[in-house]
Number of protein chains: 4
Amino acid sequence: MNGYADTKDSHLKRMRRIEGQVRGITRMIESDKYCIDVLTQVAAVNKALEAVALNLLDEHLKHCVTDAVAEGGQVADQKVAEASAAIARLVKS
Amino acid sequence: MNGYADTKDSHLKRMRRIEGQVRGITRMIESDKYCIDVLTQVAAVNKALEAVALNLLDEHLKHCVTDAVAEGGQVADQKVAEASAAIARLVKS
Amino acid sequence: MNGYADTKDSHLKRMRRIEGQVRGITRMIESDKYCIDVLTQVAAVNKALEAVALNLLDEHLKHCVTDAVAEGGQVADQKVAEASAAIARLVKS
Amino acid sequence: MNGYADTKDSHLKRMRRIEGQVRGITRMIESDKYCIDVLTQVAAVNKALEAVALNLLDEHLKHCVTDAVAEGGQVADQKVAEASAAIARLVKS
């Protein structure tokens, strides 16, 4: 169903840390922290999310796309097109 | 102390929505959702955080940097250098 | 040898336009054009290069990676790892 | 007129190197070089252009925006708004 079964725990651990960082940013704004310090935290969360995304994508290529290509046919083409679209969204985000 | 006093509520509203989106990504991974759907949500959160950051930065320039420059002297130079460093971190994140 | 045989002409056309845009930026700086106007052109070139990169990557997945996966074995794993590394460089650039 | 008078030579040197790199990418495509190697060069050019942009922006804040703010009034507000818009374009590009 998905390509990250082996690394699910590590993804969940990273996501929980990111949840904490995001709540931290909300609290910084609530308590009127200095703009630049808030911006530093936002950049850190973006980098952490990017790392999760690149890992998910790598596993998606390794498992889902590879399996579809091995089967061949239209599903394979569709999986590659879908992966390319996801990559474009990440590069632009 | 900071440059976002006027827009604090709007920032907090955006941050709470982002907190919800991040928890949503964790739940997607917990329930083994499809990789590409998780990636789409990650790209959406990155865009939402980017919007918060660009707003904070605009207000920082409008208030903190402008006030420092109006006073002049070393503090002004320091504020501009600090803003440039924050911009570089955002562009690279 | 590479995955863009079918679209080589279109890539070359885009690259020649980008070469012209980059020379345009050099000339803007030579003739002391306004900073913000130079920055607008730099952002445009970055977007144009990004479009070339996303197209090349899509074709690479469609042809080179797909062919390697169809053959299977170590080369397939290596091609996927190499594509993931290239995606990471693009996302971070 | 612009904020980069002191560093114009260094910007021009960087831009000429970037022109060479971009022509290099065109030649790589002309001679059917491997997709991944082309992508590596595209990422390098993006980073080099980003460095030029961040330097121009820093000098713009240091000189043009600072001078406008010191004079005050509507022009100051306009310069800050213009800088914020340029930063947003860079972050999104």
Nearest-ten-degree value, helix B:35-60 long axis tilted from longest Cα axis of chain B: 20
Per-copy distances of the B:E71 label point, shortest first, in nm (7 angstrom along Cα→Cβ): 2.5, 6.5, 6.6
Qualifying lysines (Cα of each under 18 Å from Cα of D:K47; at least 8 residues distant if same chain): A:K47, A:K92, B:K92, C:K47, C:K92, D:K13, D:K92
Folded to 0 to 90 degrees: helix B:8-30 orientation relative to chain B principal axis, Cα: 30
Inter-label distance for B:T7 and D:S10, nm, one decimal - labels placed 7 Å from Cα along Cα-to-Cβ: 3.1
Inter-copy label distances at B:A51 (7 Å, Cα→Cβ; nm, one decimal): 2.5, 2.7, 3.4
Segment B:A85-B:S31, length gained on full extension (0.36 nm per residue, minus Cα span): 15.5 nm
Theoretical ellipticity at 222 nm over the protein assembly as shown - DSSP helices of four or more residues, -39500 (n - 2.57) apiece, nearest 500: -27500 deg cm²/dmol
Ascending list, in nanometres, of distances separating the D:E19 label from those of the other copies (7 Å, Cα toward Cβ): 1.2, 5.4, 5.5
Point-charge dipole on Cβ atoms (K/R +1, D/E -1) for chain A, about Cα centre, debye to 20: 380
Net charge contributed by nearby residues that have their C-beta within less than 12 Å of C:D77 (K/R +1, D/E -1): -1
Positive dipole terminus of region A:1-50, leading residue within A:I29, A:V42, A:A5 (C-beta point charges): A:A5
Cα gyration tensor, chain A - rounded (a/c under 1.5), prolate or oblate: prolate
Spin-label pair C:V75/D:K47, simplified geometry with 7 Å Cα→Cβ offset, distance in nm: 3.0
Nearest residue to the symmetry axis between A and D, taken on chain A by its Cβ, in whole Å: A:K92, 4
Cross-link partners of A:K33 among aspartates and glutamates (Cα-Cα below 17 Å; sequence separation of 8 or more within a chain): B:D6, B:D9, B:D58, B:E59, B:E82
Proximal charge balance of B:K33 [Cβ under 12 Å; K/R count +1, D/E count -1]: -1
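Each reported figure results from applying straightforward, stated rules to the coordinates on display, with no laboratory input. Please read all numbers here as calculations on a predicted model, not as lab measurements. So basically every Cβ, Gly included, is an ideal-geometry build from the backbone, and we count neighbours across all protein chains shown.
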